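The values are calculated or read from the model by the stated rules, or taken from the named source; none is laboratory data. Given the structure is predicted, the values throughout are model-derived calculations rather than measurements. Cβ sites come from the backbone with ideal geometry, for glycine too, and all protein chains shown count toward neighbours. We work out accessible area using only protein heavy atoms, side chains counted, and drop any ligands, DNA or RNA first. Shrake-Rupley method; radii C 1.70, N 1.55, O 1.52, S 1.80 Å.
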Amino acid sequence: MKRYQLTFTGRVQGVGFRWTAHTLADSLGLTGWVSNEWDGSVLMEVQGSPQTIERLISGLKGGTFIEIENIERQEIPVIEGEKYFKIKE
């Protein structure tokens with residue numbers, strides 16, 4: 001089990017990124033959250049197996065209107081007992 005903080009840049013706001021991330025994460029059994037940032041990037045914390053997290057990222061890269069230019073990744077501590085993936089407003 002791993003948890004990563006991911007920062008996505010590119011065309012990632014106003015294109016359904018957060019909804020797509022939520023839907024994919026739920027279908028993959030991942031937990032965490034996703035949020036738009038003031039600078040146009042999207043911040044995500046995601047928790048699960050490394051292979052499943054990679055599947056989430058691949059799914060996001062394949063999004064119809066989403067264009068990810070860069071992903072910054074930092075491993076952070078796992079949150080025990082977390083049950084859901086949510087969209088932060």
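Step through the residues of the range 10-23 one at a time and calculate ³J(HN,Hα) from phi using the Karplus curve (6.51 cos²θ - 1.76 cosθ + 1.60, θ = phi - 60°), rounding each to whole Hz and writing x for Gly and Pro.
x, 8, 10, 10, x, 10, x, 4, 5, 5, 4, 4, 4, 4
Dipole size in debye (nearest 20) for the chain around its Cα centre, Lys and Arg Cβ +1, Asp and Glu Cβ -1?
So the dipole magnitude of the chain works out to roughly 220 debye.
How large is the Kirkwood hydrodynamic radius of the range 1-76, counting all unique pairs of alpha carbons, in Å?
After inverting the mean inverse Cα-Cα distance, the result is 12.1 Å.
With a 1.4 Å probe and every protein chain left in place, work out the accessible area per residue of the chain in Å², rounded to a whole number. List each step's numbers first, then the result.
Numbers: 5250 Å² over 89 residues.
Result: 59 Å² of accessible area for each residue.
Loop only by DSSP, 14 or fewer other Cβ within 10 Å of the Cβ. Give me the chymotrypsin sites (Phe, Trp or Tyr not before Pro) in the range 1-40 that pass, ordered by residue number.
W38
Just to confirm the number: angle between the C-alpha axis of helix 50-61 and the first principal axis of the chain, 0 to 90 degrees, nearest 10?
So the helix axis and the longest Cα principal axis differ by about 20 degrees.
Looking only at the range 1-41, which residues have a backbone nitrogen under 16 Å from a spot 7 Å from the Cα of E80 in the C-beta direction?
Of the residues in the range 1-41, 1-3 have backbone N under 16 Å from the label point off E80.
Two decimals, Cα atoms only, Kirkwood Rh: what is Rg/Rh over the range 24-67?
0.98
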